[in-house]
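Let me begin by presenting the structure, written as structure tokens, before commenting on it.
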Amino acid sequence: MLPSPRTRYAVIGNPIAHSKSPWIHARFAEQTGEPITYEAILAPVDGFAAQVEAFFASGGGGLNVTVPFKLQAFELARANLSPRARAAGAVNTLWMQDGALHGCNTDGVGLLNDLRRLGARLAGARVLVAGAGGAARGILLPLIEAGCASIDIANRTPSRAQELAAAFSASAGAVMRGGSYADLPADGRWDLVINATASSLDDEAPPLPAGAYAPGGLAYDLMYAARPTAFMRQAAADGAAAVADGLGMLVEQAAESFFIWRGVRPDPGPVLTALRASL
């Protein structure tokens, strides 16, 4: 894919005022010398498709998509989806190519890049994912492709976890299992535990069993905050060797979108450091 000659980009969602994406992409533009502008667009809940059409008709180069529109973006770009987007069932990055709308999901690769920054060893890893919603679905294929040995999915509604595990089992190199939190064994066997629930928004942690972490185990919350989340505090108390929130994933997924649009890969490191300091 050739870099787009267009220079206007944006993030679209509802609400949107809280988004860090304009700040992040402005830093990427400064770093790479790419002549882009990037804004935040508040779309009516019932007017997403019309807003997307108007944006690209006016010369827009690409959109990041956030809640609650990722599923609608998937449908709009259904004819031209990346394998990442198809696996995730959602789109967070849109662009025009050869007159057609294309969609990708960069959340999963953003997570993997941040895990590698943290020194996580994914090949052969035993992974537990708390939650079975869209956030969990978006990260499973990258984890599988990274060579994880097994992935357990736990959810308050066990059937959702079971369905999600089954959806990826056929093509997975990893052993996939799904069930309730009560079904999880308390034998300290997971190398990586990922909180893909929204529990941290309420300063709560998912009901994980004690002793969930293997020696050297990492706890990763897809949410981020100025202080350690409830999940991170729970993990530290339970013996996790390291804990992290999702701020690095946010910056990494943005870098992947930037690369898709411009054909230039920015360095997320200094942007993450500055963003962390600003929280």
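So here's what we get for this one:
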| quantity | calculated |
| --- | --- |
| Number of the exception - P215 against (1) modelled with pLDDT of 95 or more; (2) surrounded by fewer than 22 Cβ atoms within 10 Å (Cβ to Cβ); (3) in a loop (DSSP other than H, G, I, E, B) | (3) |
| Inter-residue pairs, beta-carbon under 7 Å, first within 11 Å of R177 (Cα to Cα) and in the stretch 153-165, second of a type in the set (V, I, T) and at pLDDT 95 or above, 6+ apart | I153/V129; A161/I153; L164/I153; A165/I153 |
| Of residues in the stretch 218-262 being more than 16 Å from L115 (Cα to Cα) and among the charged types (D, E, K, R), the one surrounded by the fewest Cβ atoms within 10 Å (Cβ to Cβ) | R227 |
| Positions within the stretch 53-66 being over 15 Å from the mean Cα position of the chain (by Cα), surrounded by 12 or more Cβ atoms within 10 Å (Cβ to Cβ) and assigned to a loop (DSSP other than H, G, I, E, B), in sequence order | none |
| Selected residue (criterion: farthest from the chain's Cα centre (by Cα)) from residues of the stretch 123-135 that are modelled with pLDDT of 95 or more and crowded, with 19+ Cβ neighbours inside 10 Å | A125 |
| Any chance I24 is part of a loop (DSSP other than H, G, I, E, B) and either of a type in the set (F, W, Y) or within 19 Å of the chain's Cα centre (by Cα) (or both) | no |
| Only one of D46, D107, D98 that is among the charged types (D, E, K, R) and modelled with pLDDT under 95 | D98 |
| Qualifying residue in the stretch 28-44 (condition: assigned to a helix (DSSP H, G or I), of a type outside the set (F, W, Y), touching a residue at least 12 places away in the same chain (Cβ under 8 Å) and more than 20 Å from L101 (Cα to Cα)) | yes |
| Every residue from the stretch 259-270 that is more than 24 Å from A196 (Cα to Cα) and part of a helix (DSSP H, G or I) | F259, I260, W261, R262, P270 |
| Qualifying residue in the stretch 201-213 (condition: within 30 Å of G60 (Cα to Cα) and of a type outside the set (V, I, T)) | no |
| Entirely in the stretch 67-184, the strands (runs of 3 or more DSSP E) that have 1 or more residues that are of a type in the set (D, E, K, R) and in contact with a Lys or Arg (Cβ under 6 Å, 6 or more places away or on another chain) | 126-130, 150-154 |
| So A149, is it touching a Leu at 6+ places or on another chain (Cβ under 8 Å) and in the same structural domain as G188 (by TED's automatic domain parsing) | no |
| Candidate set from the stretch 70-113 (those that are touching a residue at least 60 places away in the same chain (Cβ under 8 Å) and hydroxyl-bearing (S, T, Y)); member that is surrounded by the most Cβ atoms within 10 Å (Cβ to Cβ) | T106 |
| Residues being without any contact (Cβ under 8 Å) to a residue 60 or more places away in the chain, touching an Asp or Glu at 6+ places or on another chain (Cβ under 8 Å) and not in a helix (DSSP H, G or I) - total across the stretch 199-212 | 2 |
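The values are calculated or read from the model by the stated rules, or taken from the named source; none is laboratory data. What you see is a predicted model; the values in this text were computed from it and never measured. Cβ atoms come from the backbone with ideal geometry, glycine included; neighbour counts cover every protein chain shown.
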